[in-house]
1. Compute log10 of I(q)/I(0) for the range 97-170 with the Debye formula, placing one identical point scatterer on every Cα and leaving out solvent, at q = 0.22 Å⁻¹, to two decimals.
2. Enter the angle in degrees (range 0 to 90, nearest 10) between the Cα long axis of helix 397-415 and the first principal axis of the Cα atoms of the chain, meaning the one along which they spread out most.
3. Report Rg/Rh for the chain, rounded to two decimals, where Rg is the Cα radius of gyration and Rh the Kirkwood radius.
4. Under 5 Å between amide hydrogens, which residues at least 5 positions from Leu115 or on another chain qualify, with H placed 1.01 Å from N in the peptide plane?
5. About its Cα centre, how strong a charge dipole does the chain have in debye, to the nearest 20, once Lys and Arg get +1 and Asp and Glu get -1 at the Cβ?
6. Does anyone have the angle between helix 272-281 and the longest principal axis of the chain? Alpha-carbon axes, 0 to 90°, nearest 10?
7. At a Förster distance of 22 Å, what's the computed FRET efficiency of Glu67 paired with Asp226, Cβ-Cβ distance as r, to 0.05?
8. Enumerate the amide H contacts of Leu76 below 5 Å, restricted to partners 5 or more residues apart or on another chain; note that Pro and chain-start residues carry no placed amide H.
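No value in this document is a laboratory result; all are computed from the given coordinates. In this text, all values refer to a predicted model and were calculated from it rather than measured experimentally. Counting neighbours? That spans all protein chains shown, and the Cβs are built from the backbone with ideal geometry, glycine included.
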Amino acid sequence: MNILLINNYCVPEIGAASHLYYYLAKELIRRGHNVFYLTGTPRYNVDKDKYKEYLNRSSKCWIEEREGIRIIRVELPYVERTNFIRRGIEHFEIAYKLYKYSKSFIRKEKIDVMLVYSPPLTLYWTAKQIRKLTGAPFILNVQDLFPQASIDLGVLKNPFLIRFFRKIESGAYNSADLITVHSERNKGFVERFCDDKEKIIVFENWIDENEVRPGNKINEFTIQYDLVDKFVVSFAGTLGVSQDIEIILNAAKELENIDDILFLIVGDGPRKKESQETAKRMGLKNVVFLPMQPKDTYPDVLNTSDATLVTLRKDVETPVVPSKILSSMSAAKPVVAAMNLDGDGPELIQKAKCGLCVEAGDYEGLARNIRLLYENPALRAEMGANGRKYIEENLSAKSAAEKYESLFLELVKRRR
């Protein structure tokens, strides 16, 4: 088949969304398919110099090839992550420009089927236009529940805007030929805004278990940052509105008398500066902040870690499984989570027996669980092994490609 993936994010951008689809694309190619990947200029977790490198083109749209994937790049603006209003407008701009500038390429390729990453939710419109152009059906892969997540966090309050985005949400779900969501709870939510509930399928997220795998704690990253003799508790990823960094700092304060426990916060985002200032104000000597690392370094960050952290604010009520959980499981590292316990993340951790959970905001409980793992190497090893086994048996990129291939074939047969 000629398969088109549509995603606002793609390597060399560093983040869950870009890695998720890149892993899938490689596996689909191994299975004999042609994969096209429609995206924009790299803007997320890359510096402006890297962005500008991609602008030295004579066209608004071009094709590059990576590991057999034909990436269709469209020129998009660089928007600061802290500019929330401009980012909201950008979602519509992305959808429009991806279609406008790529359609001449896509028309030639005889696309059979599409898989669309949401958010931004507006990309359903891009896929809808391409369906009109080519006849190819599309699957909407709903990762984050927008606008609900923004409503819960207090980012979206205006009743008019809420109604506006609810209408877009309903239009997206009803336009898609199939919808995939990563948990039963997400399915229940999407069903509220979709007329045809039968087309909603639970499809758990995946990871390339061959790229993120168990490795030696002593590696280039460990040596570079002098972490060989430390019990490293890491948080690696975006420091954004949803992530609770304060709970990590408070847990670090609880454990500051244990000299060899170090909290390593690796990443960037709108809350990084504020978090660094808070750590300084608290006088924390056991917390180190590092910038977002290159994709190739990320496995070393995980292998340096003795335990990994997943923390979400209490007002994040939408069901979510942060990608950090899967990465930690694949690297055979125990997960210590602080999030709403009735969510899908804690359910996965419990099912896989790969870590420990406390309620969102419970920094004392978080500190106790870190100390428990610090004092019990056998428990760390057991939980790490459990997580790796669960990934290999259930959540590998190979397994995801097989399942999506079946869905693609079903849609193509319907079309014929």
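1. Treating every Cα as an identical point scatterer, log10 I(q)/I(0) equals -0.94.
2. So the helix axis and the longest Cα principal axis differ by about 20 degrees.
3. 0.96
4. Amide H to amide H, under 5 Å and 5 or more residues apart or across chains, Leu115 pairs with Leu4, Leu5, Ile6, Ile139.
5. The calculated dipole for the chain is roughly 1940 debye.
6. Helix 272-281 sits at roughly 10 degrees to that axis.
7. 0.05
8. The answer is Thr41.
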